[in-house]
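Derivation of every value follows stated rules applied to the coordinates shown; laboratory data play no part. Not measured: the values here are computed from a predicted model. So basically every Cβ, Gly included, is an ideal-geometry build from the backbone, and we count neighbours across all protein chains shown.
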Amino acid sequence: MTAMTELPGGPALPQERRVVTAVPGPKSQELMARKQAAVANGIGTVMPVFARRAGGGVLEDVDGNSFIDFGSGIAVTSVGNSAEAVVRRATEQLGDFTHTCMMVTPYEPYVEVCEELAKVTPGDHAKKSVLFNSGAEAVENAVKIARAHTGRQAIVVFDHGYHGRTNLTMALTSKNMPYKHSFGPFAPEVYRVPVAYPYRWLTGPENCAEEAAAQAIDQITKQIGPDNVAAILIEPVLGEGGFIVPAKGFLPRLAQFARDNGIVFVADEIQSGFCRTGQWFACEDEGIVPDLITTAKGIAGGLPLAAVTGRADIMDAAHSGGLGGTYGGNPVACAAALGAIETMREQDLAGKARRIEEVMKPRLEKLAAQSDVIGEVRGRGAMLALELVRPGGKEPNPEATAALAKACHQQGLLVLTTGTYSNVVRFLPPLVISEELLNEGLDVLEEALSGL
């Protein structure tokens, strides 16, 4: 029997893969023609179908095709699309008011979200938060706060890192195409150092953490000077760079170096946070307590919200009026976030993420053992990936990556690609997805891989 997911205010959505037209179907093709006429070409499309409904572990398009969702809108709908608590709380708030601007007349949902962030983020120190609309805004404001606190300017980031598409966050991001190409000049006082990327570390993964940390610290010391560094900014699991999990020991050493030199250590948990890796936040895996943590994506079940949370004394460094924005911490988005956090707690979605890894990773590793184009399986929780290479070595294979993703799409499985070399297939299923859909999605992946 096909499982069903109740969507608030609408009919139940069958939890099944269903391909009834070519992909894209005729209605999606019509809409794509309208998009091309009305929407700027800079807005790309991963899968050329138009969504009609989504929930649980599936996404249904306007042609009636139903896709198993291994993307979650890029790690946003971790609690599922149209999650009951998110819809309920957001709907109630819509009925009260949609906007006043927190800087004009404050409202309780903003304060409640900040109180919840103080509870769920790492560390038992006094914390404060400020809310924004997007991850890029959160990162930019974390930099502002760090600079205000330290009186320094330099920001240290890492190879393969991604932090956004605004001018400053483009400077912080390492990949040129499509994020930076032709958009410069970029913000100054940004310095990039090596990251511990075990699969591609030249002397082998066993040396990666120690050597990468030593190189990074050496470059900071010699080329910048620790006394000039306001912040070290890193994703505990690098997202757009290819779901790179830094070698064990690398992050703690960088965090200790930051503490020893009065540098603000910022964990960018925009993609990896809110139960995605099997813990509330990925930095908890090695016991790291960041000075500041940036969040977005999974925070509000699909509504635009982001945050910077950190040590109260650091967060209070910015002068009154120095932080904010017209829509930052919109009341409806705040209500949705409270519903998302409620869902994460009540359904133990961190535990669900660990179970997703238990189901997926062995099957991915079995595929890797059988395939000469899979170089590595990596990731944690429900943030997993395959790095594809040319047979016989480690040369990136973006062509096979694109072909695999397209084959999956054609057969009703939504997957995303990523990576500095565009050679990584990433998996970000909703944390509420059923194991039946997980395994069926892996069946589709296996079949698509066999056709390469």
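Where both partners of a DSSP beta bridge lie in the chain, what percent of those bridges are antiparallel, to the nearest 5? Within the chain, antiparallel bridges account for around 70 percent of the total. For Lys180, a cut-off of 28 angstrom between C-alpha atoms picks up these lysines, skipping any fewer than 8 places away in its own chain: Lys35, Lys144, Lys222, Lys297, Lys394, Lys406. Remark: the chain carries a charge dipole of roughly 820 debye about the Cα centre, counting +1 on each Lys and Arg Cβ and -1 on each Asp and Glu Cβ. Coupling constants for region 18-27 follow from the phi torsions by the Karplus curve (6.51 cos²θ - 1.76 cosθ + 1.60, θ = phi - 60°), and in residue order they are 8, 10, 10, 9, 4, 10, x, x, x, 5 Hz; glycine and proline get x. Amide H contacts for Gly161 (H built 1.01 Å from N in the peptide plane; partners 5 or more residues away or on another chain; cut-off under 5 Å): Ser174. Shape of region 85-346 from the C-alpha gyration tensor: prolate (a/c of 1.5 or more and a/b above b/c, with a ≥ b ≥ c the square roots of its eigenvalues).
Scanning residues 5 or more positions from Glu376 or on other chains, those with amide H under 5 Å from its amide H are Glu387, with H placed 1.01 Å from N in the peptide plane. With the cut-off at 1.5 for a/c, could you classify the chain from its C-alpha gyration tensor as rounded, prolate or oblate? It comes out oblate by the Cα gyration axes. Since only Gly298, Gln410, Leu251 are under comparison, the one whose Cα sits farthest along the positive direction of the charge dipole of the chain, derived from C-beta charges on Lys, Arg, Asp and Glu, is Gln410. Sort out for me the Cα centre separation of region 256-293 from region 115-145, rounded to whole Å. Measuring centre to centre over Cα atoms gives 12 Å. Note on the chain: helix-only mean residue ellipticity at 222 nm, from DSSP H runs of 4+ residues weighted -39500 (n - 2.57) and normalised by residue number, equals -11000 deg cm²/dmol.
If you average the sequence gap of Cα pairs under 8 Å that are 6 or more apart and divide by the length of the chain, what percent do you get for the contact order? Kindly include the intermediate steps, with their values, before the conclusion.
Details: 961 pairs, mean separation 96.1, N = 452.
After rounding, I find 21 percent.
Oblate is the label for region 274-313, because a/c, from the alpha-carbon gyration tensor with a ≥ b ≥ c as root eigenvalues, is 1.5 or above and a/b does not exceed b/c.
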